[in-house]
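K.L.:
This structure is in structure tokens; I'll ask about it shortly.
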Amino acid sequence: MPTATYAGTTVTVDDEGFFEDPSQWTEAMAPEIARAEGIDELTEPHWQVIKFMRSEYAQKGTGPTVRVLGKTSGVSVKELYQLFPKGPAKVAAKIAGIPKPRGCI
Amino acid sequence: MGGVVAVQDGAVIKRVVILGGGTGGTLSANRLRRLFPVDEVEIVVVDQNDDHVYQPGLLFVPFGLAHGDEIIRPRHRQLHKGVEFREVPIERVDLESDRVHFEDGTVIGYDVLVVASGSRLVEDETEGLTGPGWKEKVFTFYDPAGAAALHDALEAFDGGRVVVNVVDLPIKCPVAPLEFCFLADWYFHQRGIRHRVQLTYVTPLDGAFTKPVASRRLAGLLEEKDVALVTEFNTGEVDGAGGRLVSYDEREIGFDLAVVVPLHGGATYVARSPGLGDELGFVAVDKHTLQSVARPNMFAIGDAAGVPTSKAGSVTHFEGEVLVENVRRFLDGQPLDASYDGHANCFVETGFGKALLIDFNYDTEPLPGHFPSSVGLPLLKESRINHLGKLMFQSLYWHSLLPGRDLPGVGSAMPTRGKDTAAVR
């Protein structure tokens, strides 16, 4: 299984770099993962989304889709794309240290 | 108990209320009616109208291969004797008191509630979709009126850019937009103008379909039929007047005619009923028993249920068997049957009189092989027999599936015999 090292700690990730085990994640790792995704600085709204992703994952076992994020996170879909231009659901999940959100069928 | 309706010879009659008289509501009501004598269980089906649409038929309407009036029948006529049908819009469900409130002010109590009210198109959640150009250059075939309007527009179309766009999942019948592309290729060939039409399929997914083996096969078919594929396109705006789809990450795709599958949500009363549904209006249930996670006397079936499989008639059909058994077990105070496996089975029309078939469940993606066993219909492969199967299905739908009969050779659980598991790479 691939690994990655953030904030000096080695974690297990999948082929696309999503955390396999969210409990290995710490807040200190987030800025480093974000930079690799092209986000230089995590602002307050970024953190709002990251924390929301983690609490959704803890409750439901999967990260939310962009549409659900837009309805429930307090950040609109448009703003979500400004915060995470490469795709809010996937990029925020990666930075939040949760597995890749399961797509619907 | 809100649902206790009468006492006859000392026995209490229970009431099962089913919200929605579509595929799931109808087949559940009919199966339950066969299972319980009328002096034990009263069954009430509620819907806001009396039009039962054979939804797989909508795909054919734009191409003149079916007409709206052929695919709609009265809901009440599909229900067995002894099932009460009420035509009234639902205001809300009160989970605390086990009661359903209707818009006309009346109220009904239940012992068991089955939510079978399907999904709803929410066009207005996408900026511009119903603005200038709606039903002129921008269409959907996901409802009878839209499909009929699109038919007129296609007849008048003599060349240009046609885009087929899925805004976001979940949608009913996730293969239908692909089938639309395949049939559009056939249709424009028939009219002798295919060389003047550019077809593009625009999806939020990272491939033609959700699951890898089928996604590769379907992407191959798009390529063979010269349909361009644009992936990871999250539609933020449909600009009908300007003829553009605009994504949230500011990509643009121009069109002369757009066929858009709008966002889906649950029935509107779900949002007005505290605790009933999730943020999109679908009802959270255990994915194997179909029992609500909120209330033990509540179940959901079909598109209304928030389970991780396709929103499709075949899913509803396979769920029906488990749902009815579990309503019986719940009323008898027995442990529930956790056997629904996510089984889905879809004919995918590919044009020129052919179709392919996919069969899958929660754990097994659509694979090549044969269904239901090695001597059955070919899977993930175009054939004439699959097309005939798709056409024949409409009659089975009205005469076997809705009445709640078992289809010969087609069980609730997904068959593994006949599948080529080595195809997973």
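The values are calculated or read from the model by the stated rules, or taken from the named source; none is laboratory data. The model shown is predicted, which means the values in this text are computed figures rather than measured ones. Here Cβ is always computed from backbone atoms with ideal geometry, including for glycine, and neighbour counts include all displayed protein chains.
K.L.:
Anything in region B:228-258 that is in contact with a Ser or Thr (Cβ under 7 Å, 6 or more places away or on another chain) and away from every other protein chain (no Cβ under 14 Å)? List them, or say none.
P.N.:
Once the filter is applied, which keeps residues that are in contact with a Ser or Thr (Cβ under 7 Å, 6 or more places away or on another chain) and away from every other protein chain (no Cβ under 14 Å), region B:228-258 yields B:Ala228, B:Val230, B:Val238, B:Leu245, B:Ile253.
K.L.:
Take the residues in region B:396-425 that are in contact with a Ser or Thr (Cβ under 6 Å, 6 or more places away or on another chain) and farther than 21 Å from B:Gly302 by Cα; name whichever of them is modelled with the lowest pLDDT.
P.N.:
B:Arg417
K.L.:
Wholly within region A:27-93, which helices (runs of 4 or more DSSP H) include no fewer than the required count, namely at least 3 residues that are at the interface with chain B (Cβ under 9 Å from one of its Cβ atoms)?
P.N.:
A:66-72, A:77-83
K.L.:
Considering only residues that are acidic (Asp, Glu) and assigned to a helix (DSSP H, G or I), look in region B:141-191 and name the one that is farthest from the other protein chains (Cβ to nearest Cβ).
P.N.:
Restricting to residues being acidic (Asp, Glu) and assigned to a helix (DSSP H, G or I), the top hit is B:Glu155.
K.L.:
Residues to consider are B:Arg73, B:Arg99, B:Arg86, B:Arg34; find the one that is under 20 Å from the mean Cα position of the chain (by Cα), surrounded by fewer than 20 Cβ atoms within 10 Å (Cβ to Cβ) and touching a residue at least 40 places away in the same chain (Cβ under 8 Å).
P.N.:
One residue alone meets the criteria, B:Arg73.
K.L.:
Take the residues in region B:221-264 that are of a type in the set (Asp, Glu) and at pLDDT 95 or above, then tell me which one is nearest to B:Trp134 (Cα to Cα).
P.N.:
B:Asp239
K.L.:
So if I check each of B:Glu279, B:Glu321, which one is in a loop (DSSP other than H, G, I, E, B) and among the charged types (D, E, K, R)?
P.N.:
Going through B:Glu279, B:Glu321 in turn, just one is in a loop (DSSP other than H, G, I, E, B) and among the charged types (D, E, K, R): B:Glu279.
K.L.:
Out of the residues in region A:69-104 that are touching a strand residue (DSSP E or B) at 6+ places or on another chain (Cβ under 8 Å) and at pLDDT below 95, which is farthest from B:Leu263 (Cα to Cα)?
P.N.:
Going through the qualifying residues, I end up with A:Pro99.
K.L.:
Also: Could you tell me whether B:Leu19 is modelled with pLDDT of 95 or more, in contact with a Gly (Cβ under 8 Å, 6 or more places away or on another chain) and among the aliphatic types (A, V, I, L, M)?
P.N.:
Yes.
K.L.:
Also, quick follow-up: Here are some residues: B:Leu367, B:Leu331, B:Leu380, B:Leu357. Which one is under 20 Å from the mean Cα position of the chain (by Cα) and of a type in the set (A, V, I, L, M)?
P.N.:
B:Leu357
K.L.:
With respect to B:Ser97, is the statement that it is of a type in the set (Gly, Ala, Ser) and touching a Leu at 6+ places or on another chain (Cβ under 6 Å) true?
P.N.:
No, not satisfied.
K.L.:
Looking at (1) surrounded by fewer than 20 Cβ atoms within 10 Å (Cβ to Cβ); (2) in contact with a Leu (Cβ under 8 Å, 6 or more places away or on another chain); (3) over 20 Å from B:Arg217 (Cα atoms); (4) not small (Gly, Ala, Ser), which one does B:Pro335 not meet, given that it meets all the others?
P.N.:
So the condition that B:Pro335 fails would be (2).
K.L.:
Any idea which of (1) over 20 Å from B:Gly418 (Cβ atoms); (2) of a type in the set (S, T, N, Q); (3) in contact with a strand residue (DSSP E or B) (Cβ under 9 Å, 6 or more places away or on another chain) is the one B:Gln394 doesn't satisfy?
P.N.:
Going through the list (1) over 20 Å from B:Gly418 (Cβ atoms); (2) of a type in the set (S, T, N, Q); (3) in contact with a strand residue (DSSP E or B) (Cβ under 9 Å, 6 or more places away or on another chain), B:Gln394 breaks only (3).
K.L.:
Still on this structure, please answer the following. Of the numbered conditions (1) buried (at least 23 other Cβ atoms within 10 Å of the Cβ); (2) in contact with a strand residue (DSSP E or B) (Cβ under 8 Å, 6 or more places away or on another chain), B:Ala147 fails exactly one; give the number of that condition.
P.N.:
(2)
K.L.:
Is one or more of the residues making up region B:19-26 touching a Ser or Thr at 6+ places or on another chain (Cβ under 9 Å), in a strand (DSSP E or B) and outside the structural domain of B:Ala149 (by TED's automatic domain parsing)?
P.N.:
The answer is yes, given that some residue of region B:19-26 is touching a Ser or Thr at 6+ places or on another chain (Cβ under 9 Å), in a strand (DSSP E or B) and outside the structural domain of B:Ala149 (by TED's automatic domain parsing).
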